[in-house]
Amino acid sequence: MIKYTPPKTLRGLFIAHYAPLLLIIMIGPQTAFLKVYMLPTPWLPTILAGLAIFLIGTILYFKWEYFWYKTYKGQLVTTGIFRYIRHPHYTSIIIIGFGLALFFYSLLALILAIIAIPIMIWSIIDEEKHLIREYGDEYIEFMKKTPWRMIPGIF
């Protein structure tokens, strides 16, 4: 099995798209503990919704992770969840970020989750340029068959 190592040009993007999630993890509990920047919503339903959203994102992430490492051997992967969206990894990170922000009941963490969206889009666009260079027409055809990058019917 070939171990995937992102090209050096993409490594900075991987760091950039994990940074908001790491900030949410660090800032979220502190804002809740200090009772600053709290969400203007009922706390229990918000926390429970956040937990549910976080679990959905985590399940998606681990399903992607398991499928990727089981399937990827240097070729373009177009089966499994990739039949529906081209970037399930980014989608899972966004879902996890929003879930944690709500779970931590943190307005500041929610703002970070919103800021993460254009960062992810930027990462996706850059990564797709690399994938087109690497896989050529095969990736372009995959883009036509699977038009949605992150969320079917939306983006």
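What are the residue pairs meeting all of these: first residue in the range 39-53, first residue under 10 Å from Leu100 (Cα atoms), second residue among the β-branched types (Val, Ile, Thr), Cβ atoms under 7 Å, and 6 or more apart or on different chains?
Sorted first by the residue in the range 39-53, then by its partner, the pairs are Ile53/Ile95.
Every residue in the range 71-106 that is part of a helix (DSSP H, G or I) and closer than 19 Å to Phe142 by Cβ, please.
Thr71, Gly80, Ile81, Phe82, Arg83, Pro88, His89, Tyr90, Thr91
Tell me the residue from Tyr72, Tyr66 that is modelled with pLDDT of 85 or more and either out of contact with any helix residue (DSSP H, G or I) (no Cβ under 9 Å at 6 or more places or on another chain) or among the basic types (Lys, Arg) (or both), please.
Matching residue, one of Tyr72, Tyr66: Tyr66.
May I ask you to verify whether Ile151 is exposed (fewer than 15 other Cβ atoms within 10 Å of the Cβ), within 28 Å of Val77 (Cα to Cα) and in contact with a helix residue (DSSP H, G or I) (Cβ under 8 Å, 6 or more places away or on another chain)?
Judged against the criteria, Ile151 is a match.
Quick check: anything in the range 81-91 β-branched (Val, Ile, Thr), in contact (Cβ under 8 Å) with a residue 24 or more places away in the chain and farther than 28 Å from Pro40 by Cα?
Checked the range 81-91: at least one residue is β-branched (Val, Ile, Thr), in contact (Cβ under 8 Å) with a residue 24 or more places away in the chain and farther than 28 Å from Pro40 by Cα.
Out of (1) free of Cβ contacts under 8 Å to residues at least 40 places away in the same chain; (2) in contact with a helix residue (DSSP H, G or I) (Cβ under 8 Å, 6 or more places away or on another chain), the odd one out for Trp122 is which?
For Trp122, the exception is condition (1).
When you go through Thr41, Thr58, Thr31, Thr46 one by one, which is the residue that is within 30 Å of Lys144 (Cα to Cα) and not small (Gly, Ala, Ser)?
Being within 30 Å of Lys144 (Cα to Cα) and not small (Gly, Ala, Ser) holds for just one of Thr41, Thr58, Thr31, Thr46, which is Thr58.
Being among the β-branched types (Val, Ile, Thr) and within 21 Å of the chain's Cα centre (by Cα) is the filter; apply it to the range 14-36 and report the residue that is surrounded by the most Cβ atoms within 10 Å (Cβ to Cβ).
Selected residue: Ile24.
Within the range 86-136, which residues are within 18 Å of Trp64 (Cβ to Cβ), touching a Phe, Trp or Tyr at 6+ places or on another chain (Cβ under 8 Å) and of a type in the set (Ser, Thr, Tyr)?
If the condition is that a residue be within 18 Å of Trp64 (Cβ to Cβ), touching a Phe, Trp or Tyr at 6+ places or on another chain (Cβ under 8 Å) and of a type in the set (Ser, Thr, Tyr), then Ser92, Ser123 are the ones that fit.
Limited to the range 42-56, what total is found for residues that are more than 24 Å from Tyr90 (Cβ to Cβ) and surrounded by 14 or more Cβ atoms within 10 Å (Cβ to Cβ)?
Counting residues in the range 42-56 that are more than 24 Å from Tyr90 (Cβ to Cβ) and surrounded by 14 or more Cβ atoms within 10 Å (Cβ to Cβ) gives 2.
The values are calculated or read from the model by the stated rules, or taken from the named source; none is laboratory data. This one's a predicted model, so the numbers in the text were calculated from it and none came from an experiment. Every residue, glycine as well, gets a Cβ built from its backbone with ideal geometry; the counts of neighbours run over all protein chains shown.
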